[in-house]
Amino acid sequence: MSEFPEYLSFKFGIYVADIVNWLIDNFESFFDAVRDLILWFLLKVDFALHWIPWWIIIVGVFLLGWRIKKLPSGITYALMLFIVGLFGLWDQMISTLSLVLTSVVISLIIGIPIGILMAYSNRLESFMKPLLDGMQTMPSFVYLIPAVIFFSLGTVPAIFATTIYSVPPVIRLTNLAIRNVDKEMLEAAHSFGSSPWQILTKVEIPQAMPTIMTGVNQTTMMAMAMVVIASMVGAKGLGSEVLIAINRIDIARGFEAGLSIVFVAIIIDRITQGIADRFRIPE
Amino acid sequence: MTERIKVENLYKIFGKNPKSVLKKLKQGMTKDEILQKTGHAVGVNNVSFNVHEGEIFVIMGLSGSGKSTLIRCLNLLHKPTAGNIFVDGDNIVTYDKQQLRKFRQEKIAMVFQHFGLFSHRTVLENVEYGLEIKNVPREERRKIAKQTLATVGLESWGDNMPHQLSGGMQQRVGLARALANDPDILLMDEPFSALDPLIRREMQLELLDIQSKLKKIIIFITHDVNEAFKIGDRVAVMKDGKIVQVGTPEEILTNPTNEYIKDFIKDIDRSKILQAKHVMIKPLALASLKNGPKVAMKEMEENGISSLFVVDKDRKLQGIITIDDTVKAIKENKPLKDIMKQDYSTTSPETYVQDLIPKASEAKYPIAVVDDTNKLLGVVVRVSVLSGLI
Ligand SMILES: Nc1ncnc2c1ncn2[C@@H]1O[C@H](COP(=O)(O)OP(=O)(O)OP(=O)(O)O)[C@@H](O)[C@H]1O
Ligand SMILES: [Mg+2]
């Protein structure tokens, strides 16, 4: 058996650990502030979603599906939610939704401006592109490590990891969309003496909106894909149900929770895609 | 005529280091050499011209000759590499961002080849755009936009989206959007090139009609010679980033300064631009009322012609005599007055050659070109009208 010589070693991890420790030591109050902010937002969302009566949510989803797609879609989505309720997982589903919603909102707040800056700066784009590629190929588990280090256990690190994992599509597509705005249209906007802000808000963002919405859809789906993994650091919801079922080898419980996740994912996907289609501008 | 725009030694070079290339260009390197050696594209190469109040100034040239680059320098969508552009005495090249925005908001507007309409806004919102940028209150800009839309005949289309309109209508929206701002200067970069010929002709007439009311300064780009000469008060011909000739359509047609321009105007339908005064020639000979038939006969024989126009001492046209009648008159000893005929046709000097064609095909004699007082200015020879060999 051939062995790699032991004297050739480079303990890169030590330096990373040093940097992380240094960050924690020096930016503790910063991380605390971020934690408080995330928590505050999450609690609001969670409270609001738990407060709405279950049947209103079902009717709401039915109406959305009907208006955005068609009547059978509305019925199907409503039925799916009803089944989740029958499984006794309504409460967990709402928790999962709050987590996903919070992560998506944070992703958009971070991702859209970064995407816009990237579109404006070739240098930033060539720096960000490999980074985004890396983020998307990285196994999602990996994000749990810094999340736990910075925010310990609970829902906040789950949201942190979910956000990092799901932010690349919206950045990427915002950048692409802004760069692809028709050149002559931009010239027209400039020729009327628009300020940079007017160009951005009156021309570029409206023109980019359909593509950005596709990014929102993808980001949401990626956040959904994180829910089981996020539960490993302590987030409550459908994800933790699956996790518990795995640990106990409880097939029935695992199946119900898994199916519920699939249902919720389908509903969110179709509805956000429908909304994205609404934004499409006919040429 | 007041001069409103004055462009002096304008250069625009595209590439990483335009200033260094500018030196080489001034030292006499050609556009092609510069592209090969330095990878820079020369868009505009030492261009100077003036535009006057109320003038339609057409820039024409083949693809790649630098027309779009030049017109985009005029509102600084392209920043010139060197040179000056004076608009009402102000050198706009030196404007800072704030001044430039004000200039674009108030003085100048542009119409684009592919219309450049905002596809996410309704037709009315498109027309409003310039006013919105200037922070004109909503009610007021609505009103102005509606009025402007009416001047291009689209008052009932305001709530539609641009894609619901035909190409011709979309360009009317583009024109309305530019006009809504009430700019002094209108830049039009091949505005009708994307339209089919019939709509195009209609739009040309409409533009001339609008211009006769609004009297803007219009800088109009085209690669179509017929369009250039139909619309332009003056035409500049561009080649390889340079202006090779500027003049009225007539000047360019009658006196093209080089082969490039001759080539360019070869395919033009000249009869639509040229007027009688441009193609008339001086009569080889004339008969005077005070002379007898013998003198007239001698003139005809010497010049090998079979008829003569007769004029009085003020050169007022009296009639025409033929060689046959003159021979008879000599035999019978009659004065010219008795054999003079009136069956010739006359035309004013401003009549288009096109409109002379029916007359020319019937006429037995050359067509007499006379002014309001019936004074003979020249003659148009039939053959030159009919064969188009002007
Ligand atoms: N943004 C640019 N970057 C580099 N080169 C350019 C740019 N714009 C124009 N050029 C070059 O400048 C020259 C003039 O181009 P321009 O577009 O002004 O020509 P044009 O007369 O408008 O042609 P067309 O009739 O095809 O519109 C061309 O050689 C072109 O390649
Ligand atoms: Mg062009």
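The table below lists the values:
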read-out: Test: B:ILE133 is away from ligand 1 (no atom under 16 Å from the Cβ), among the β-branched types (Val, Ile, Thr), in contact (Cβ under 8 Å) with a residue 24 or more places away in the chain and within 10 Å of chain A (Cβ to nearest Cβ); value: yes
read-out: Some residue of region B:313-326 being open to solvent by less than 70 Å² (accessible area, probe 1.4 Å) and either modelled with pLDDT under 85 or assigned to a loop (DSSP other than H, G, I, E, B) (or both); value: no
read-out: Filter result for the condition that a residue is of a type outside the set (Gly, Ala, Ser), outside any loop (DSSP other than H, G, I, E, B) and open to solvent by 60 Å² or more (accessible area, probe 1.4 Å), over A:GLN207, A:GLN218; value: A:GLN218
read-out: Residue list for region B:293-307, filter: buried (at least 17 other Cβ atoms within 10 Å of the Cβ) and either among the small types (Gly, Ala, Ser) or not in a helix (DSSP H, G or I) (or both); value: B:ALA296, B:SER307
read-out: Meets criteria (in contact (Cβ under 8 Å) with a residue 24 or more places away in the chain and not hydroxyl-bearing (Ser, Thr, Tyr)) for A:PHE10; value: no
read-out: Residue count, region B:1-28 (criterion: surrounded by fewer than 17 Cβ atoms within 10 Å (Cβ to Cβ) and within 15 Å of ligand 1 (Cβ to nearest atom)); value: 4
read-out: Condition check for B:ASP224: within 12 Å of ligand 1 (Cβ to nearest atom), at pLDDT 90 or above and open to solvent by 20 Å² or more (accessible area, probe 1.4 Å); value: no
read-out: Of all residues in region B:30-59 being within 11 Å of ligand 1 (Cβ to nearest atom), in contact (Cβ under 8 Å) with a residue 60 or more places away in the chain and closer than 11 Å to B:GLY241 by Cα, the one that is most open to solvent (accessible area, probe 1.4 Å); value: B:LYS31
read-out: Single unsatisfied condition, B:LEU62 versus (1) more than 23 Å from A:SER191 (Cα to Cα); (2) away from ligand 1 (no atom under 12 Å from the Cβ); value: (2)
read-out: Residue within region B:105-116 that is more than 8 Å from every other protein chain (Cβ to nearest Cβ), touching a residue at least 60 places away in the same chain (Cβ under 8 Å) and small (Gly, Ala, Ser) present; value: no
read-out: Cross-chain or 6+ apart pairs with Cβ under 9 Å, region B:178-203 first and assigned to a loop (DSSP other than H, G, I, E, B), then acidic (Asp, Glu) and within 16 Å of ligand 2 (Cβ to nearest atom); value: B:GLU190/B:ASP224; B:PHE192/B:ASP224; B:PHE192/B:GLU227; B:SER193/B:ASP224; B:SER193/B:GLU227
read-out: Pair list, Cβ < 9 Å and 6+ apart or interchain, from region A:83-100 residues that are on the phi > 0 side of the Ramachandran plot to residues that are open to solvent by 10 Å² or more (accessible area, probe 1.4 Å) and of a type in the set (Asp, Glu); value: A:GLY88/A:GLU256
read-out: Checklist (1) at pLDDT below 95; (2) facing chain B (nearest Cβ under 9 Å) applied to A:SER195, failing item; value: (1)
read-out: In region A:26-70, residue farthest from the chain's Cα centre (by Cα) [restricted to those that are within 22 Å of A:ILE149 (Cβ to Cβ) and among the small types (Gly, Ala, Ser)]; value: A:SER29
read-out: Whichever residue in region B:65-82 is within 14 Å of chain A (Cβ to nearest Cβ) and within 12 Å of ligand 1 (Cβ to nearest atom) and, among such residues, is surrounded by the fewest Cβ atoms within 10 Å (Cβ to Cβ); value: B:LYS79
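The values are calculated or read from the model by the stated rules, or taken from the named source; none is laboratory data. All of these numbers come straight from a predicted model, not from anything done at the bench. Cβ coordinates were reconstructed from backbone atoms using ideal geometry, including for glycine residues, and neighbour counts include every protein chain displayed. SASA here: full protein model, heavy atoms, side chains in, ligands and nucleic acids out. Shrake-Rupley method; radii C 1.70, N 1.55, O 1.52, S 1.80 Å.
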